[in-house]
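Peer 1: Dumping the structure here so I can ask a few things about it.
None of the figures in this text is laboratory data; all of them are computed from the coordinates on show. Everything numeric in this text was worked out from a predicted model, so none of it was measured. Neighbour counts run over all protein chains shown; Cβ positions are idealised from the backbone, glycine included.
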């Protein structure tokens with residue numbers, strides 16, 4: 001993959017560059033599905049993100065997704081208000097299943113074969129997590145949406161995404177956010193914030209940059225799993241970043 005700022009476009013008359021990885025995991029927050037609403041799912045936004053996923057699928061990339069649940073319920077917020085942490089986290093896991101089903105519906109409306117795979121068995125609505133079965137789905141070019149986190153309280157969907165990406169032998173985690181990479185401060189609040197084309201896991205942890213939670217970053221570092229941070233709000237941005245084009249940040253060993 002090329003660093004941000006390099007000429008990622010194909011020369012005139014030459015074919016467009018192929019994808020950098022053949023199998024990836026897309027991690028997005030539950031809030032990304034809200035659109036302009038303050039809560040829940042915004043169907044046009046879910047459909048727009050599904051269309052971005054379809055563009056990547058049409059490149060021949062094997063895809064799995066992990067979606068947070070913060071648009072419906074956050075375990076940490078519930079715990080902070082006096083709810084028992086484990087119960088609050090289980091409620092958050094159920095929220096991720098709702099989001100996964102919503103995304104599955106949007107993807108299947110576009111003709112994509114999709115499986116929701118839950119770490120908490122719910123046989124009536126989705127498959128239980130069985131690693132070898134999930135790998136087989138990916139080999140058959142089905143999109144897998146991993147829901148309910150790791151199935152355990154005290155772990156975030158960031159950690160679940162890293163775990164599933166390693167289990168599925170993904171080439172990288174693609175973290176879709178509202179900004180086009182990692183900055184030294186919030187670019188929405190500080191117009192002079194510095195963008196990092198590439199940054200090491202250790203520097204992310206040392207600077208306490210909010211890429212993913214610390215346990216997910218440490219797990220990715222220990223298993224040499226790159227994280228690519230990009231904006232999911234630019235049309236065609238996901239596909240472009242997979243070709244090494246556009247603006248993004250690579251988090252790796254440095």
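Peer 1: Nearest-5 percent of antiparallel DSSP beta bridges in the range 23-252?
Peer 2: Percent antiparallel among DSSP bridges in the range 23-252 is about 15.
Peer 1: Within 10 Å, count the other beta carbons around each residue, average over each peptide in 83-90, 121-128, and list them highest first.
Peer 2: The densest-packed peptide leads the list: 83-90, 121-128.
Peer 1: Which three numbers, in whole Å and largest first, are the semi-axes of the equivalent ellipsoid of the range 23-252 derived from its Cα gyration tensor as √(5λ)?
Peer 2: Its equivalent ellipsoid spans semi-axes of 24, 22, 18 Å.
Peer 1: Name the residue, out of 33, 209, 107, whose mean-square fluctuation peaks in a Gaussian network model built on the chain with Cα pairs under 10 Å.
Peer 2: Among 33, 209, 107, the largest mean-square fluctuation in the Gaussian network model of the chain belongs to 209.
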